[in-house]
1. Is it the case, given these coordinates, that Ala21 is hydrophobic (A, V, I, L, M, F, W, C) and modelled with pLDDT under 80?
2. Under 6 Å between Cβ atoms, at least 6 apart or on separate chains: pull out the pairs that start in region 37-48 with a residue that is under 14 Å from Trp86 (Cα atoms) and end on any residue that is of a type outside the set (Asp, Glu) and in a loop (DSSP other than H, G, I, E, B).
3. Mind listing just one residue for me: the one in region 58-82 that is aliphatic (A, V, I, L, M) and modelled with pLDDT under 85 and, of those, nearest to the chain's Cα centre (by Cα)?
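The values are calculated or read from the model by the stated rules, or taken from the named source; none is laboratory data. What you see is a predicted model, and the numbers here were worked out from it, not measured in a lab. Here the Cβ positions follow ideal geometry from the backbone for every residue, glycine too, while neighbour counts run over all protein chains shown.
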Amino acid sequence: MMPPAPEVGSTPSLHCSRCGAAVEDTQHTRTGYTVGYYLLHTGPTEEAATRRGEDEAPRTYRRLLEAVEFVACPGCVREPEVRRLWLAFGKEP
Ligand SMILES: [Zn+2]
């Protein structure tokens, strides 16, 4: 049996992966928005190769072994260690 689908619009309580602080959703205001947290979808990778035909050279790519969601609060996202993680695995926020 499938677990019940999460309610649309419900706010799961997220915590910063580094300092553990509770983070809030991005708040939209009339003048702009305040980013509540940054989410990085990452994980350990390994090099893998695909090969379509016998004559084709194999193409290598990074395969995501295990998906990890890293949550960073606006304070921690500026920390060098978090920025390194972001630059290594994802796009700069
Ligand atoms: Zn934090």
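1. no
2. These pairs meet every condition: Tyr37/Cys73; Tyr38/Pro93; Leu40/Gly90; Gly43/Ala67; Pro44/Leu65.
3. In the first step, residues of region 58-82 are kept if they are aliphatic (A, V, I, L, M); the result is 64-65, 67-68, 71-72, 77, 82.
Now restrict to residues that are modelled with pLDDT under 85: 64-65, 67-68.
Working: Leu64: 12, Leu65: 14, Ala67: 9, Val68: 7 Å.
The selected residue is Val68.
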